[in-house]
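Peer 1: Next up is a structure, given as structure tokens.
The values are calculated or read from the model by the stated rules, or taken from the named source; none is laboratory data. Worth saying up front: this structure is predicted, and the values here are computed from it rather than measured. Every residue, glycine as well, gets a Cβ built from its backbone with ideal geometry; the counts of neighbours run over all protein chains shown.
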Amino acid sequence: MLLNQFLILGAVLFCIGVYGVLARKNAVMVLMSIELMLNAVNINMVAFGFQHEVVSGQVFALFIIAVAAAEVGVGLAIVLLLYRNQTSIDVEDFDLMKG
Amino acid sequence: MIELLALPYWQETSIKLGLALVVIPTTSLILVYLFLFKMMAFMQSRLGPNETGPYGSLQLIAEAIKFLQKEDINPAQADRRVFRLAPVVVLASTFLLYVVLPAGPDAVVQNLDTGVFYAMAVSSLSVLGILMAGWASANKYALLGGLRAAGQLIAYELPLILAVMGVVIQAETMNLQGIIEAQATGEIFGIGLIGNPFILTQFLAFLIFMIAAQAELTQTPFDMPVAETELVGGYHIEYTGFRFLLFFMAEFGTAFAFAALASVMFLGGWWIPGFDVDSNILNILGPGVMLGKILLVAFFIFWVRFTYPRLREDQLQKFAWKVLIPLALVNIVITGIFKVVF
Amino acid sequence: MWMLENAFLIPLIPALSFAVILFFGKRFIGADRVHVIGITAVSLIWVLSLVAAFQWTQRVEHPSPDAIAQISADGHGDDHADDGDDHAGAAMDSESGHGGGHSSVLISPVVTTYSKWWSNGGVDFAVGTHVDGLTVLLLVVVASISLLVHIYSTEYVKGDRRYVHYYAFLSLFTAAMLFFVMAQNIVQLVVGWELVGVCSFGLIGHWWEEKPNTDAALKAFLTNRVGDIGLLVGMIVLWGTFGTFSIDGINAAISASPGTQHLALLVAACCLMAAVASKSGQFPLHTWLPDAMAGPTPVSALIHAATMVVAGVYMIARLYPVFYDGFSIGTSSINLMALIGGFTALMGAGLAFAQWDIKKVLAYSTVSQLGYMVMALGVGAWTAAIFHLFTHAFFKACLFLGAGSVSHAAHHTFDMRKMGGLKKFMPQTYWTFVIATLALSGIFPFAGFWSKDEILLGAKVGQQNGYPLMLIFGCAVAFMTAAYMTRVVWYTFHGEYRGHGHPHESPKVMTVPLWILAGMAVVGGAFNLPGPVLEPFGLEGLAHRVQTYAEPSVYLSGLGLSHPDPSLSMALIGLGLALSGIIVTYLYFWRKMGPHGLTERNKYAKAGYTFLENKYYLDYLYNDIIVASIKKPIANGANWFNQNVLDKAVNTAGESARDSGRWIYKWIDQGAIDGSVNAAARGADASGEGLRTIQSGKVQNYGQLLFGAAAVLAIVFVIVI
Amino acid sequence: MVAQNIAFGIISGIVVFSALRMVTTRNIVHSALFLVAVLAGLSGQYVLLAAEFVATTQVLVYIGAVMVLFLFGIMLTKAPIGKSMEMTGTQWPIAAGVALMLGAVILYSLIDQFGSDRLTEGGKIYRTADVGDEVFSTYIIPFEAISVLLLAALIGAIVLARKD
């Protein structure tokens, strides 16, 4: 197996995630796209860890998973709050900082 | 024994998989017949099936044929693909559970390093199927049932995993075979005659595990997601025919799997006192021993199911977060201290 | 030697008791019965401590080969090497030979490292226990005092609003101190140190509903924090110098090659001295200690006798090679530690005269006695200091518990002006108090006499030079101690009863601990009797027990620490001073002789008294002068700087800008540039209008810009590099 | 190695397809389910990289908990059944352009840098126990920090989502 197999897979997923974050209107979907990006990073971590025969890659992947779980918890709580206040979770509705 | 046959990897694996595919429906059928039909009838003083075959033993076949004959109805508003996928996901979770369940030193589909952890992980997949079913049915009762199930399963997954942690700490491995070996080679106050079944040292964990498993299986008294009096059947209200049968099979298959996990982790698994842990004969005798222990544990699960009334939703959540999880944490702390000190 | 290797059980038991009391106390055991758990736990550790002490003495007397330290063949080890071979019984033989010198077999401490605690950046942090004679001695003292305080408290704080909390913290306090004394490395030492501080904070502020109590707790805590900085810095210096956290390693390294790291050790010793000053109430950080009387009296007894304040003294003793080398104790005739100790002793004794609160007198007495111990350590009299710590623990605990008993009787006041004549109401308390007073004053044959004598002797002889100034301080303090304690006895127990109500003797559960402690105050001195005293009775084998068992000769021998020969004249001088102190006070109060009312008549005396009454104005110094002087001048300075420098600069700049602006406006702007500026402005306006659209307020647009810019930058980098 | 390459190919195909569908589908629940497929596929990739503990954790945490949480959130915010709602914003072409640009530069640098580097075969494989040892020795402080972070997130989520 090539190292690049995994790295390219990660890169592709990352870019799809970027697209999702930038293009989707629904706040939950934006959060999900962020999860996708984090996972893309994770596969790089594990692949490099395997390549260099160190265990740190896996450890950091685990840490990222834990951080992602925390992020989803808080993120969804914010989305629920938005929904309660605005009855909408369309990110395009939230432009109070418009210049 | 499998080594003796010296089959190539793919043949060995396909034989194991084939066996597992046979075992799963059989086991759930055994549970249904033995407990749902016969024991419940006995306990609740009513007639069980007794016409079809000897002691009504063919009733199951009749039921299966009945379900298969029924029309496969898709609700008009339903999200068709998700609706059809949901029972498959639930059943897949059950199937994946069987991959690591050992019935003998070699009689296991795949002996994973992270066996217990894997079992916990795949058992949590069923939540996804239930949520899918609840949402895709386009039915308020189903959606509510799905949400309830998700909340309940997530809440009880924590004590389940935390209870298992105690066993893992004591056995120093997450490998299920390793856990059995630790019990087989363990000693109670220096006496190694019956090994050291962890139910003795981890009784609290066993209790928590059984309660949490009861909730994971959505059995009474934790059956709010499917409560027929409140939600007229919960998330599988819209399912008919063989899709309902899939849910049904998954429920009993999972019950069997959890009973098997409990027997492996707390009752010594397939090991028989007096035998070497890796003696080949256990590959033959082991499944029988396992089956006996599983039926014993399953008996308790169904006993509780048939005797207790249903809890309220808030009682359910309170019980998980305020009682079970703290207790499980205490158990881990105590186990850790004992592990370090002794 | 099982107990010595598994000594970790000793702090573990009270720690468990703490957890049990805190978590199950109220609901499962019953709030009024939690003391059962505490007392059980502490009795258990008391027994274990005695077992440990016994096993340690066995280890010293019949050392197994692995317990004997390898003596390096340098000059200091010479006088031990001669009979180091036949160690069986060598300890007993050599006892009298060296004129009370320490045993010739060097017993290494039991160091058990249980496990790597954690590791960070390649540095391993271990957890373990370090048990030697000093540890064992402290174990016994802490366990004994704590046990008696536990028992005494059942009556004293009966029905308290936070009974459970009280006992939980008492257990934790004991556990923390025990953890501290058997720390294997300096990291553990710091942890134990801080734990002790936290517990004292919790207990001093036990009745936190009243503002003064919380203030006192905060003061204790904050003052200690000041010293803790010194502790941390000192520990880091030690670690940086020796590359190990292990106490054994540090001490052994210094004693193996004394003098090689002098500068680093001087810095470390000075920093650690700050920590000692805060924890053990040494000048100038002693101010928290008298305020700490706000806590319940048994806690004060525990703090002053066994746990909190002796931590500093213990730390010096534990890391003695650091101080010995750092302060050049062996060769100098005055050094920082001795000076601080001596001055503290003198100052504390002076302050004790002017207090009306019985507990505060005792508190200043503790300050003074701790100064004594630090001074003893400063002059190289290691054994004397530890021996004094040992004896002081018992009679000071007795005095505090006696004061508690008095206040229990006299309606919870500690003001001596509302007492008096209590002798006939509470004879038990009276007699125990008198015994402890005599012991503290240093009257023959009570415990304090022996330990105080050794300190004075140590100051006189010193190591290579004597410490004359310290000797003068010590003698003065000996006189003053006897005097102020007699004053307390007079005001509290003699004369007429000035309070109201009917005082009564305390119940047995309070007096029995008092009698036990008083008994120890009588016989405590027997643990380190000098050889000549015992010779007529043929018991020289029992001489210098503390020295034989407790002194870590394995470290100190490398440093060449010597022991003075007992001196009858010194003992007589000390005794004479103490007696004269008592007699003078007796004459003053009982016989009404001397200058009564001097403070009213003589303005100098009045000024001196006021000076004492206000505690040398140290609190004012800290609060009003130092803090205020830091606050105010800085504010003023900042204001001045703002007004005169910054403002002026800004004004000047403004004015010059205005002038040049006018000029430019007239000649350049209006003439040539105006047109182009207008054009630029229009351009800016238009581009701003255009750029405004990207300020959409939508996160995703910003995200697009962010990721787009990142991509462009990445492309640039990829192409360039 | 062939079998693993085939497995990698199949799984990556599923993963990339699901990821694309996830960001283009108009039904939010479908989107979440496609994300589940992506995550499950990645779990398979971890197994290929001999990181079974990470793979199992991926299933347990992501699919078992995070995705359920997502579906929960979606259902609580009343996701309608059917494709009624437009889910993609008007600026999707810009987003696509940015993503493509980013993708191009990353792919170019990866190929440029690692070319055809092979994964070390027969190298040391780290099992679950090694991961545990590493977490509890070298990375103990980050680990503790993560636990504090999780606690903070727990409290934060509760505070945010409370009704009063």
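Peer 1: Scanning the range D:101-144 for residues that are within 29 Å of C:Leu706 (Cα to Cα) and more than 7 Å from chain A (Cβ to nearest Cβ), which turns out modelled with the lowest pLDDT?
Peer 2: D:Gly115
Peer 1: Go through (1) more than 10 Å from chain D (Cβ to nearest Cβ); (2) part of a helix (DSSP H, G or I); (3) not hydroxyl-bearing (Ser, Thr, Tyr) one by one and return the number of the condition B:Phe117 breaks.
Peer 2: So B:Phe117 meets the others, but not (1).
Peer 1: I've got another one for you. What pairs can you find where one residue is in the range B:132-152 and more than 9 Å from chain D (Cβ to nearest Cβ) and over 21 Å from D:Asn27 (Cα atoms), the other is crowded, with 24+ Cβ neighbours inside 10 Å and of a type in the set (Ser, Thr, Tyr), and their Cβ atoms are less than 7 Å apart, with a gap of 6+ or different chains?
Peer 2: From residues that are more than 9 Å from chain D (Cβ to nearest Cβ) and over 21 Å from D:Asn27 (Cα atoms), the pairs are B:Gly145/B:Tyr235; B:Ala149/B:Thr218; B:Ala149/B:Tyr235.
Peer 1: Looking at B:Phe256, B:Phe244, B:Phe266, can you tell me which residue is touching a residue at least 60 places away in the same chain (Cβ under 8 Å) and under 16 Å from B:Arg305 (Cβ atoms)?
Peer 2: Going through B:Phe256, B:Phe244, B:Phe266 in turn, just one is touching a residue at least 60 places away in the same chain (Cβ under 8 Å) and under 16 Å from B:Arg305 (Cβ atoms): B:Phe256.
Peer 1: A further question follows. Let me confirm something: among C:Val533, C:Val584, C:Val546, which residue is at pLDDT 75 or above and either touching a helix residue (DSSP H, G or I) at 6+ places or on another chain (Cβ under 7 Å) or of a type outside the set (Asp, Glu) (or both)?
Peer 2: Just one listed residue meets the conditions, C:Val584.
Peer 1: Moving on to the next point. Regarding D:Ser147, is this residue touching a helix residue (DSSP H, G or I) at 6+ places or on another chain (Cβ under 9 Å), in a helix (DSSP H, G or I) and farther than 23 Å from D:Gln58 by Cβ?
Peer 2: no
Peer 1: Same structure, new question: Return yes when D:Arg21 is more than 7 Å from every other protein chain (Cβ to nearest Cβ), surrounded by fewer than 21 Cβ atoms within 10 Å (Cβ to Cβ), not in a helix (DSSP H, G or I) and not polar (S, T, N, Q) and no when it is not.
Peer 2: Taking the combined requirement at face value, the residue does not satisfy it.
Peer 1: Could you list, in sequence order, all residues of the range B:161-183 that are surrounded by 24 or more Cβ atoms within 10 Å (Cβ to Cβ), among the small types (Gly, Ala, Ser) and modelled with pLDDT under 85?
Peer 2: Those that are surrounded by 24 or more Cβ atoms within 10 Å (Cβ to Cβ), among the small types (Gly, Ala, Ser) and modelled with pLDDT under 85: none in the range B:161-183.
Residue by residue, here is whether (1) surrounded by fewer than 22 Cβ atoms within 10 Å (Cβ to Cβ); (2) modelled with pLDDT of 85 or more holds:
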position: B:Lys140; (1), (2): yes, no
position: B:Ala150; (1), (2): no, no
position: B:Tyr156; (1), (2): no, yes
position: B:Pro159; (1), (2): no, yes
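Peer 1: Looking at the range D:119-131, is at least one residue of a type outside the set (Phe, Trp, Tyr), surrounded by fewer than 17 Cβ atoms within 10 Å (Cβ to Cβ), touching a helix residue (DSSP H, G or I) at 6+ places or on another chain (Cβ under 7 Å) and part of a loop (DSSP other than H, G, I, E, B)?
Peer 2: For the range D:119-131, residues of a type outside the set (Phe, Trp, Tyr), surrounded by fewer than 17 Cβ atoms within 10 Å (Cβ to Cβ), touching a helix residue (DSSP H, G or I) at 6+ places or on another chain (Cβ under 7 Å) and part of a loop (DSSP other than H, G, I, E, B): present.
Peer 1: Are any residues in the range B:202-231 in contact (Cβ under 8 Å) with a residue 60 or more places away in the chain and over 30 Å from B:Gly129 (Cβ atoms), and if so, which ones?
Peer 2: Scanning the range B:202-231 gives B:Gln202, B:Leu204.
Peer 1: List the helices (runs of 4 or more DSSP H) that sit entirely inside the range C:380-489 and contain at least 1 residues that are under 23 Å from C:Pro552 (Cα atoms) and at pLDDT below 85.
Peer 2: So the answer is C:382-409, C:447-461.
Peer 1: Checking D:Met75 against (1) more than 14 Å from chain B (Cβ to nearest Cβ); (2) surrounded by 16 or more Cβ atoms within 10 Å (Cβ to Cβ); (3) over 19 Å from the mean Cα position of the chain (by Cα); (4) of a type in the set (A, V, I, L, M, F, W, C), which test does it fail?
Peer 2: Result: D:Met75 passes all but (1).
Peer 1: Six or more apart or on different chains, Cβ atoms under 8 Å: show the pairs whose first residue is in the range D:2-26 and in the same structural domain as D:Tyr46 (by TED's automatic domain parsing) and free of Cβ contacts under 8 Å to residues at least 12 places away in the same chain and whose second is outside any loop (DSSP other than H, G, I, E, B) and among the aromatic types (Phe, Trp, Tyr).
Peer 2: D:Val23/A:Tyr19
Peer 1: Here is a further query. Which of (1) over 30 Å from B:Leu131 (Cβ atoms); (2) in contact (Cβ under 8 Å) with a residue 24 or more places away in the chain does B:Leu316 not meet, given it meets every other one?
Peer 2: Only one criterion is unmet by B:Leu316, namely (1).
Peer 1: Another question, then. From the list C:Gly202, C:Gly192, C:Gly230, C:Gly240, exactly one residue is in contact (Cβ under 8 Å) with a residue 12 or more places away in the chain, within 30 Å of C:Ser506 (Cβ to Cβ) and not charged (D, E, K, R). Which is it?
Peer 2: Just one listed residue meets the conditions, C:Gly202.
Peer 1: Of all residues in the range A:48-89, which are of a type in the set (Gly, Ala, Ser) and farther than 19 Å from D:Thr120 by Cβ?
Peer 2: Matches in the range A:48-89: A:Ala66, A:Ala68, A:Ala69, A:Ala70, A:Gly73, A:Gly75, A:Ala77, A:Ser88.
Peer 1: Out of (1) within 11 Å of chain B (Cβ to nearest Cβ); (2) surrounded by fewer than 24 Cβ atoms within 10 Å (Cβ to Cβ); (3) free of Cβ contacts under 8 Å to residues at least 60 places away in the same chain, the odd one out for D:Glu52 is which?
Peer 2: (3)
Peer 1: A follow-up question, please. Which ones in the range B:24-41 are out of contact with any Gly (no Cβ under 6 Å at 6 or more places or on another chain) and farther than 16 Å from B:Phe248 by Cα?
Peer 2: If the condition is that a residue be out of contact with any Gly (no Cβ under 6 Å at 6 or more places or on another chain) and farther than 16 Å from B:Phe248 by Cα, then B:Met39, B:Met40 are the ones that fit.
Peer 1: Quick check: is even one residue across the range C:322-341 within 22 Å of C:Gly560 (Cβ to Cβ), surrounded by fewer than 22 Cβ atoms within 10 Å (Cβ to Cβ) and out of contact with any helix residue (DSSP H, G or I) (no Cβ under 9 Å at 6 or more places or on another chain)?
Peer 2: Within the range C:322-341, one or more residues are within 22 Å of C:Gly560 (Cβ to Cβ), surrounded by fewer than 22 Cβ atoms within 10 Å (Cβ to Cβ) and out of contact with any helix residue (DSSP H, G or I) (no Cβ under 9 Å at 6 or more places or on another chain).
Peer 1: Regarding D:Ser147, is this residue within 30 Å of C:Phe125 (Cβ to Cβ) and either surrounded by 17 or more Cβ atoms within 10 Å (Cβ to Cβ) or within 14 Å of chain B (Cβ to nearest Cβ) (or both)?
Peer 2: Here the answer is yes, as D:Ser147 does meet what is asked.
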